[in-house]
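The values are calculated or read from the model by the stated rules, or taken from the named source; none is laboratory data. None of these values were measured; they are calculated from a predicted model. In this analysis, Cβ positions are derived from the backbone assuming ideal geometry, glycine residues included, and neighbour counts consider all displayed protein chains.
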Amino acid sequence: MRNVFLSTLAAGIALLTSGCSLGEKYQQNNSAAQAWLNAGPARAAATDFEGVYYSPNWGMVVLNQQSGKITGSIGHMHVEGRASGKSARLLLVDDSWVEHTMLLTRKSSEILEGTYSSSVPYSKDDAEPVRLDRIVD
């Protein structure tokens, strides 16, 4: 019984001490994501990304665009992003944590293609292809 108590106590202390730096980790994640998002070219949006799309890997995708700002959802994740020229940079956010970064371009009126990375900021080293097919305007 004493070993169980000591193990539980040790786990609790570890959780409390790691919790102190958890806020810093969220702040670093958000800062790196926002820096990457804003580092892209600052051109007026020349493409409208707004619509409802589907991807076998991501599920339902809803993108809203107002000027260059993009919001919406991809699967269960919230989207924050911006369009510049004919491309878009997106942050995929789950519980205030940026999980993925995504680059998209319009290939046709029905298809968005690009890559996504599990790195923040975006990294070509782990980038995977993504395709979104429009199902509703």
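Suppose we filter the stretch 45-92 for residues that are touching a residue at least 60 places away in the same chain (Cβ under 8 Å) and among the hydrophobic types (A, V, I, L, M, F, W, C); how many remain? Within the stretch 45-92, residues that are touching a residue at least 60 places away in the same chain (Cβ under 8 Å) and among the hydrophobic types (A, V, I, L, M, F, W, C) number 4.
Apart from one condition, W36 fits all of (1) crowded, with 16+ Cβ neighbours inside 10 Å; (2) closer than 30 Å to E24 by Cα; (3) over 11 Å from the mean Cα position of the chain (by Cα); (4) free of Cβ contacts under 8 Å to residues at least 40 places away in the same chain; the exception is (4). Considering every residue within the stretch 39-52, establish whether at least one is surrounded by 18 or more Cβ atoms within 10 Å (Cβ to Cβ) and over 17 Å from the mean Cα position of the chain (by Cα). Yes: one or more hits.
If you take the residues of the stretch 108-137 that are of a type in the set (K, R) and closer than 16 Å to L63 by Cα, which of them is surrounded by the most Cβ atoms within 10 Å (Cβ to Cβ)?
R134
Count of the stretch 100-131 residues, restricted to those that are of a type in the set (D, E, K, R), in contact (Cβ under 8 Å) with a residue 24 or more places away in the chain and either assigned to a strand (DSSP E or B) or within 16 Å of A35 (Cα to Cα) (or both), is 2.
Would you call N30 at pLDDT 85 or above, surrounded by 10 or more Cβ atoms within 10 Å (Cβ to Cβ) and over 26 Å from S108 (Cβ atoms)? The answer is yes for N30.
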